[in-house]
Amino acid sequence: MQRLLKRYREHYNKRRPHQSLSQATPHSAWDQLEHTPATESIHLSVLEAKAAEYLSKRRLAQSTLSRLDVVVSKTGETMKSTHDASAPVPLLESNQILVEVTKENRSTFFQGFHISLPTSFARRQFIRTITDKEFLLSDPETSEVVMSFPLPMVALKVEGKIVSSYAIRGIQMTLMTRQWEKKAEQYRAIIQAREEQSPTIFEHN
């Protein structure tokens, strides 16, 4: 058994090319890594968000939620299926993924940033849609858009990679709490004042 395991490790690590390593072997990839300068470590929150995204994609592939009666198109429009019950249901669009918001991590992931969400979003799943002009979260069962904001994202309160959703310019929310709504109102006034004082800073195509 020891001889067989040794042969297997030899074959797996030094002879068998791996697709995920661009057809290199683990041994050669490791040797190259030893000569690669160290880079700045990735923040734990980013790793957690990426892991959550991978988990959502895996659950989506294994679940019937990957097939929906309602999808949100790339333009943000709701498209209802006209198929009968026995026909296949359309898959999510290429710019959509199913995301899960937990009680411990009430946030959604966008371009390396964590967008904080109100407590009312906890323990729920949403379809995240990103178009050229808008970021949207919608209910997978009702297709209701529960949060949206225009792109590019402009926010006035960012701590590291954490973005306060109530401080994002143009954000719309339906699952808001009173505390969130109060803060959003304060930041809308601040954003409007800054746009009037320095309009060129806020201009974008």
Label zone at GLU144 (point 7 Å along Cα-to-Cβ), backbone N below 14 Å, segment 155-188 = 173-177
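How much FRET efficiency would the formula 1/(1 + (r/R0)^6) give for LEU151 and GLN192, where r is the Cβ-Cβ distance and R0 is 22 Å, rounded to 0.05? List each step's numbers first, then the result.
Working: r = 19 Å, r/R0 = 0.87.
Result of the calculation: an efficiency of 0.70.
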1/(1 + (r/R0)^6) with r = Cβ-Cβ of LEU21 and GLU185, R0 = 30 Å, i.e. FRET efficiency to nearest 0.05, evaluates to 0.05
How far, in nm, would the chain grow between SER41 and ASN13 when pulled straight, counting 0.36 nm per residue and subtracting the alpha carbon separation?
-> 7.5 nm
Please report the Cα spread of segment 123-177 along all three principal axes, rounded to whole Å, starting with the longest.
-> 33, 27, 17
Computed label-point distance, nm, for sites GLU100 and ARG3 using a 7 Å Cα→Cβ extension | 4.7 nm
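None of the figures in this text is laboratory data; all of them are computed from the coordinates on show. Predicted model, so just to flag it, every value in this text is computed and none were measured. Cβ coordinates were reconstructed from backbone atoms using ideal geometry, including for glycine residues, and neighbour counts include every protein chain displayed.
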